[in-house]
Structure formats: structure tokens, C-alpha cells
1. On the basis of being more than 15 Å from the chain's Cα centre (by Cα) and free of Cβ contacts under 8 Å to residues at least 60 places away in the same chain, does Ser40 make the cut?
2. Listed residues Phe174, Phe189; which is within 13 Å of ligand 3 (Cβ to nearest atom), of a type in the set (Phe, Trp, Tyr) and over 18 Å from Val122 (Cβ atoms)?
3. If you go through segment 134-150 one residue at a time, how many are buried (at least 16 other Cβ atoms within 10 Å of the Cβ) and either in a loop (DSSP other than H, G, I, E, B) or not β-branched (Val, Ile, Thr) (or both)?
4. Mind checking which residues of segment 157-172 are out of contact with any strand residue (DSSP E or B) (no Cβ under 6 Å at 6 or more places or on another chain) and surrounded by fewer than 21 Cβ atoms within 10 Å (Cβ to Cβ)?
5. If a residue must be exposed (fewer than 14 other Cβ atoms within 10 Å of the Cβ) and within 16 Å of ligand 2 (Cβ to nearest atom), how many such residues does segment 254-268 contain?
6. Hey, does segment 271-286 have a residue that's surrounded by fewer than 19 Cβ atoms within 10 Å (Cβ to Cβ), farther than 29 Å from Ile117 by Cα and either more than 15 Å from ligand 3 (Cβ to nearest atom) or touching a residue at least 40 places away in the same chain (Cβ under 8 Å) (or both)?
7. Residues of segment 254-289 being of a type in the set (A, V, I, L, M, F, W, C) and part of a helix (DSSP H, G or I), which ones?
Amino acid sequence: NADIAMYQAKESGRNNFKFFDNKLNHKVDEEMKIKEGIISAIKRKEFTLYYQPKIHINSGEIVGWEALVRWNHPHMGFISPAKFIPIAEKSGLIKNIDKFVLEMACKQIKELVDKGIRPKSVAINISSSQFNDSNFINTLDRIIAEVGVDPKLLNLEITETTAMQDTYYAKMIFEKIKKRGISLSLDDFGTGYSSLNYLKSFPIDVLKIDKSFVDDICSDQVNNTIVAATITMAKVLDIIVVAEGVETKEQLELLKMAGCEECQGYLFSKPVPIEKMEEMLIKQKFSKA
Ligand code: C2E
Ligand code: MG
Ligand code: MG
Ligand code: MG
């Protein structure tokens, strides 16, 4: 639509250009640049992965990690995934990013294991387009075989919204993933519309409560109650609950009281580069020995 608007503005003569919304124009330009950029970024290896630890609340131990993509653009500098992932999703390029991320994460996990450092579990985000691609499971199998990574170390994060698009299909893919020894997380939980019935039938290991609920858990009684009820329900279904985006001790205290087992957030650690992750894993290994 924006392209059409621009075309029409041009067609109706130079003088009409002033009617064209400059902000929109800028946004379209930027989107185009990002779209073109993604294609070459994969080739030029401008994407890297950062890893954010998941913490067991009661013991304080790191129980897993989440791989989060980062784009260091040569001219535009650091671009947040919140900005380029939605554009990549719209243009279908997200599948290329997902494949790249999956392969890179598997390779980095394998390298750690070969050095004698075992991350318990590393979560990788899978977009809706990738999840719904008929080649997804083949791609997954190929990458795991090529890299030689232990699938038990992998966890795949699928958003609640993606899982609910076609619950029959989702369940089938979930079962294939689980058969391979890979664990599953339902990401951004609470932002979609799950019915308890589906949650019961999905072979999900982890449920991640969306940051938006955690944000005002201390001030909003309704959100607080929703989070507490979600945790209670998950326990009945034998699903581990992770709270995402925990930033304060007060939030942590409330989550703990509600029976939440694991959390992730700046209070413990921001996403870190692989070298830092390795350092943290080594520290943990020696503190236990
Ligand atoms: P997500 O999967 O829900 O990831 C959590 C996001 O919250 C990450 O943002 C993380 O850096 C951020 N976060 C974690 N703790 C805190 C906190 O305490 N405070 C605040 N303010 N933020 C926190 P990030 O890395 O910018 O990623 C945003 C979203 O982009 C992700 O949400 C995910 O949906 C998507 N994404 C990131 N990496 C990938 C990827 O490799 N593939 C795909 N398909 N999507 C990705
Ligand atoms: Mg995630
Ligand atoms: Mg999440
Ligand atoms: Mg989220």
C-alpha cells in the first residue's frame, strides 16, 4: 500500500509530493533497506548470536540458555531484532535467518561440548513461517546430522500464537520434534488465545510467561492473578514455567511466592556473547566441583 501511495504521489505530479507523508516515506525506505540488507547480511556473516541464561529461582543455578540473534549492520550499526524480525517475517526472509541461527547455535553448542563444557539446554526461537514450512523437520534433521550436535541439548521456542494457528498441525510437528529428543517451549505465553484443552494435548516441556505480564506483576492485581493461575495450571500439567523479562527483586519475590520455578531477565543477566557464556559455564562447573 505504501508503495502504491508513493507511485500515486509521483504520478500526480511533483507539486503533490508535499502531501506525501514524509514519515511514512522514511519508514518504507528503511524497510526496503533492511529487506535488502538481510539478504547480504547472511552472506557477509553480519548476524551473530547472544545467549541469555535461564535461572532456577530457588537454587540460583543456570539451567539453560536462549539464543537471540543480533545484527551488526556495516552502515546502520546495531539493529534490534524487534525491528528487523517483523520485516523479515513480512518478506519471508525470516526462514533464512532461522536456518542460519539454527545452524550457528548447533555449531556453537557442539564446540562447547567438545571443550568439555555442557550447556544443559539451549533454546532457539522458531518463527511461524519456519514452523509452518513443509521442509522444517527435514531442515532440522539435516542440520543436526551435519553438525553432530546432541539433540537433547536443544530446545525449540514456538510462540503461543504460532501454535494456535493450526492446532492439529502444531501437535503433529511438536510430536516429531519430541521424538528427536528435543524439548519444547511455548513462548510469549499469555499474548495469544490458548485454551486449556490444547495446552493439555500439546507435548510441551516449558511455558514462558510473556514479559508484558511480568512487567506490572507488582502493581496490577489482575496480571498478578493471571500469572499465579498460569503457574498453578502448568504444575498440574507437569510443565515448567519460566518468567521472562524479570528486572527487579520485587518481581522475583512475587514470582517465587506464586511457585514459579525458573526465570530469565536483566536482573540476572542480559543476553551475552558466546565467549561470556563459556566463561559463565566454566565458573559454574568449578563452583560445583
Ligand atoms: P523473545 O523470544 O520473547 O525473547 C525475549 C526478548 O526479551 C529478547 O529480546 C531479550 O533480550 C529481551 N529481554 C530478556 N530479559 C529482559 C529484561 O529483563 N528486560 C527487557 N527489557 N528485555 C529483556 P530480543 O533479543 O530483542 O528479541 C526480541 C524478539 O525477537 C524475541 O522475543 C523473539 O521473538 C525474536 N527473536 C530474537 N532472536 C530470534 C531468532 O533467532 N529467530 C527468531 N525467529 N526470532 C528471534
Ligand atoms: Mg524466545
Ligand atoms: Mg519469549
Ligand atoms: Mg516475549
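The values are calculated or read from the model by the stated rules, or taken from the named source; none is laboratory data. Source: prediction; values computed, not measured. Here Cβ is always computed from backbone atoms with ideal geometry, including for glycine, and neighbour counts include all displayed protein chains.
1. Values: more than 15 Å from the chain's Cα centre (by Cα): yes; free of Cβ contacts under 8 Å to residues at least 60 places away in the same chain: yes.
Yes, satisfied.
2. Working: Phe174 fails: within 13 Å of ligand 3 (Cβ to nearest atom).
Just one listed residue meets the conditions, Phe189.
3. 3
4. Thr161, Met164, Gln165, Asp166, Thr167, Tyr168, Tyr169, Ala170, Lys171, Met172
5. Total meeting the criteria: 1.
6. no
7. The first filter runs over segment 254-289 and keeps only residues of a type in the set (A, V, I, L, M, F, W, C), leaving 254-255, 257-258, 260, 263, 267-268, 272, 274, 277, 280-282, 286, 289.
If the condition is that a residue be of a type in the set (A, V, I, L, M, F, W, C) and part of a helix (DSSP H, G or I), then Leu254, Leu255, Met257, Ile274, Met277, Met280, Leu281, Ile282, Phe286 are the ones that fit.
Rundown of residues vs (1) surrounded by 15 or more Cβ atoms within 10 Å (Cβ to Cβ); (2) within 30 Å of Lys208 (Cα to Cα), yes/no style:
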site	(1), (2)
Asp29	no, no
Glu36	no, no
Tyr51	yes, yes
Ser59	no, yes
Val69	yes, yes
Phe78	no, yes
Phe84	yes, yes
